[in-house]
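Here the structure comes first, spelled out in structure tokens, and everything after it is commentary.
The values are calculated or read from the model by the stated rules, or taken from the named source; none is laboratory data. Everything numeric in this text was worked out from a predicted model, so none of it was measured. Virtual Cβ from ideal backbone geometry, glycine too; neighbours counted across all protein chains shown.
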Amino acid sequence: MTLVAHQAARKPEACPALVLNADFRPLSYFPLSLWSWQDTLKAVFLDRVDVVAQYETKVHSPSFEMRLPSVVSLKNYVKRARAPAFTRFNVFLRDSFSCQYCGSGARDALTFDHVVPRSKGGRTTWVNIVAACSPCNIKKGGRMSREAKMFPASTPHRPTMHELNERGRAFPPHYLHESWQDFLYWDTELEP
């Protein structure tokens, strides 16, 4: 069955679905748990998800028509990982995408720095790596923080998944469909 876009408001490629766990919380905030329209329809037809909200955009074949889901929830709860993976991205997220030495938020200039340099026995671990802009990383070089008189704004630590998800909420994606709002910010205070 070949599905084609109905002459509606948007193309299917512009209709990702927000994926919620069975408890109606997003699987992740950053990156936001989104599926393409094709993956979403496959999950619907395999009865793995419930459709919570829909776009106006429809897809159809000669004998079938369906509005594309904008929010789906998994039928089976997926247990969240207890500890986040040690990745460059997660280090940047833990450090709010800002240099821990000068506070610069220039994402394209971010790298990471060993607080205790590798040349002095420092290891590449959560507790020894911080986000740093290229100029600060070069300035600090292979020196200890006290030698360079450069100290990280926050002590490097192993974050929890909860902490990374909360951090990620401060960096929403460029596109947020209105049907997602109740599920992304469900614990914020409501206006009277």
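Things worth noting here:
- Residue within the range 105-119 that is of a type in the set (D, E, K, R) and within 21 Å of Asn165 (Cβ to Cβ) present: yes
- Residue tally, condition under 17 Å from Trp180 (Cβ atoms) and in contact with a strand residue (DSSP E or B) (Cβ under 6 Å, 6 or more places away or on another chain), over the range 44-73: 15
- Taken over the range 75-94, residues that are touching a residue at least 24 places away in the same chain (Cβ under 8 Å) and farther than 25 Å from Asp47 by Cβ amount to 11.
- Here Ser96, Ser73 are screened, and the one residue that is among the polar types (S, T, N, Q) and either part of a loop (DSSP other than H, G, I, E, B) or modelled with pLDDT under 95 (or both) is Ser96.
- Those residues of the range 111-153 which are under 14 Å from Phe97 (Cα atoms), touching a strand residue (DSSP E or B) at 6+ places or on another chain (Cβ under 8 Å) and not β-branched (Val, Ile, Thr), in sequence order: Phe112, Asp113, Ala131, Ala132, Cys133, Ser134, Pro152
Condition check ((1) surrounded by 12 or more Cβ atoms within 10 Å (Cβ to Cβ); (2) among the hydrophobic types (A, V, I, L, M, F, W, C); (3) farther than 15 Å from Pro16 by Cα) across all residues:
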| position | (1), (2), (3) |
| --- | --- |
| Arg48 | yes, no, yes |
| Tyr55 | yes, no, no |
| Leu68 | yes, yes, no |
| Val72 | yes, yes, no |
| Lys79 | no, no, yes |
| Phe92 | yes, yes, yes |
| Ser104 | yes, no, yes |
| Val130 | yes, yes, yes |
